[in-house]
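Read-outs throughout are calculated quantities, based only on the coordinates presented, and are distinct from any laboratory measurement. Worth saying up front: this structure is predicted, and the values here are computed from it rather than measured. Don't worry about glycine lacking a Cβ; one is built from the backbone with ideal geometry, like all the others, and counts go over all protein chains shown.
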Amino acid sequence: MAVNFNRVEFVLSAASPSGFIRDGLPQLAFAGRSNVGKSSVINRLVNRKNFARVGASPGKTAQINYFRLDERAYLVDLPGYGYAKVSKAERDRWGRLMEAYFASGLITCGVMIVDARHKPTADDVTMASWFYDTGCPLAVAANKLDKLKKSEIEPNLALIRQVLALREEDRLVPFSAEKGTGKEELIQILDDLITGEG
Ligand code: GDP
């Protein structure tokens with residue numbers, strides 16, 4: 001049976017590895033640069049307006065937020081990266097937390113949010129390589145598609161695929177959290193991965 005993404009509840013925030021959930025349910029790890037629209041994508045997927053906090057203040061973001069989906073999987077909201085005004089101490093905290101989570105073996109599947117308008121940043125490329133190192137499948141949502149002209153879509157998607165060095169099996173989904181574009185496709189991909197058909 002398909003995982004019902006509308007059945008979602010916040011579980012906890014982890015600021016250190018001792019808080020990681022290790023109960024065996026699949027974990028879908030969402031990562032993205034600050035302001036790329038990760039919260040908006042999550043809210044769109046679960047059909048809520050203010051579930052993951054849109055525009056959450058950077059600096060309070062070095063924590064991992066767990067949401068349970070339909071009692072069957074976790075949507076894991078990883079802290080955003082690339083925000084220029086974060087202190088070194090905060091960046092170090094972010095690095096330690098992420099390193100521990102990526103080394104934990106807990107990730108079932110990665111979901112990276114990138115900006116459909118731009119070439120992925122160096123940080124995006126690093127993040128993709130962290131996912132590759134886990135050996136888990138990766139889905140990339142190219143968000144803010146609504147801001148592109150139709151003629152820009154294909155070349156931009158090709159550039160994203162190339163710069164992130166996506167593997168053949170990694171899915172790239174044109175997405176607009178604002179309009180809802182790509183929602184069903186991404187849910188289907190994640191559902192297949194959770195239920196083991198991916
Ligand atoms: P986060 O920092 O990655 O969680 O990003 P947010 O979800 O807080 O979004 C950052 C900004 O981008 C907000 O002003 C959103 O309204 C806007 N935004 C997010 N997704 C989209 C989208 O698909 N299209 C457009 N046009 N704006 C978006």
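Let's test the formula: R0 of 30 Å, r as the Cβ-Cβ distance of ASN4 and LYS49. What FRET efficiency results, to the nearest 0.05?
0.95
Just grab the label-to-label distance for ALA89 and SER13, each label 7 Å out from Cα along the Cβ direction, in nm (one decimal).
About 1.7 nm, to one decimal.
Per DSSP helix of 4 or more residues, -39500 (n - 2.57); summed, then divided by the residues of the chain. What does that give at 222 nm, rounded to the nearest 500?
On the way: 5 runs with 63 residues, N = 198.
Using -39500 (n - 2.57) per qualifying helix, the result is -10000 deg cm²/dmol.
Using DSSP loop states and a limit of at most 10 other Cβ atoms within 10 Å to flag GluC sites (Glu not before Pro), what is the longest stretch of the chain containing no flagged site?
Numbers: sites that count: GLU71, GLU168, GLU169, GLU197.
Result, exposed sites excluded: 72-167.
Would you please name the trypsin sites (Lys or Arg not before Pro) within segment 45-129 that are DSSP coil residues with at most 14 other C-beta atoms within 10 Å of their C-beta?
On the way: sites: ARG48, LYS49, ARG53, LYS60, ARG68, ARG72, LYS85, LYS88, ARG91, ARG93, ARG96, ARG117; in loops: ARG48, LYS49, ARG53, LYS60, ARG72, LYS85, ARG117.
Hits after loop and neighbour filter: ARG48, LYS49, ARG53, LYS60, LYS85, ARG117.
Can you list the trypsin sites (Lys or Arg not before Pro) in segment 127-198 that are in a DSSP coil and have 11 or fewer other beta carbons within 10 angstrom? Intermediate results must be reported in sequence, preceding the final value.
On the way: sites: LYS144, LYS147, LYS149, LYS150, ARG161, ARG167, ARG171, LYS179, LYS183; in loops: LYS144, LYS149, ARG167, LYS179.
Those satisfying the criteria are LYS149, ARG167.
Can you work out the FRET efficiency for the pair SER129 and ILE153, with r the C-beta to C-beta distance and R0 = 22 Å, to the nearest 0.05? Provide the component values of the computation, followed by the final result.
Details: r = 25 Å, r/R0 = 1.16.
Given R0 = 22 Å and the Cβ-Cβ separation, E is 0.30.
With the chain treated as a Gaussian network of Cα nodes joined by springs under 10 Å, which of THR126, THR181, THR108 yields the largest mean-square fluctuation?
THR126
For LEU12, which sequence-distant residues (separation of 5 or more, or a different chain) have an amide H within less than 5 Å of its own amide H, given hydrogens modelled in the peptide plane?
When sequence neighbours closer than 5 places are left aside, the close amide H contacts are TYR66.
Suppose a student asked you for the relative contact order of segment 121-198, using Cα pairs under 8 Å spaced at least 6 residues apart; what percent would you report?
Numbers: 63 pairs, mean separation 25.9, N = 78.
For segment 121-198, the relative contact order is 33 percent.
Of LYS38/LYS88; LYS147/LYS179; LYS144/LYS179, which ones are farther than 20 Å apart at the Cα? Please list the in-between numbers first.
Numbers: LYS38/LYS88 23 Å; LYS147/LYS179 11 Å; LYS144/LYS179 9 Å.
In this structure, LYS38/LYS88 exceed 20 Å between Cα atoms.
Modelling each spin label as a point 7 Å along the Cα-to-Cβ direction, I'd like the ALA103/GLU169 distance in nm, to one decimal.
Result: 2.6 nm between the two label points.
For the chain, what relative contact order do you get, as a whole percent, if you take Cα pairs closer than 8 Å and at least 6 residues apart?
Working: 339 pairs, mean separation 46.7, N = 198.
Relative CO of the chain lands at 24 percent.
With the dipole of segment 1-111 worked out from charges on the C-beta (+1 for Lys and Arg, -1 for Asp and Glu) around the Cα centre, which of GLY24, ILE64, GLY80 lies farthest toward the positive end?
Final value for the positive-end residue is GLY80.
Need one number: % antiparallel among DSSP beta bridges in the chain, to the nearest 5. Intermediate values should be presented prior to the final figure.
Numbers: 11 of 31 bridges.
Of those bridges, close to 35 percent are antiparallel.
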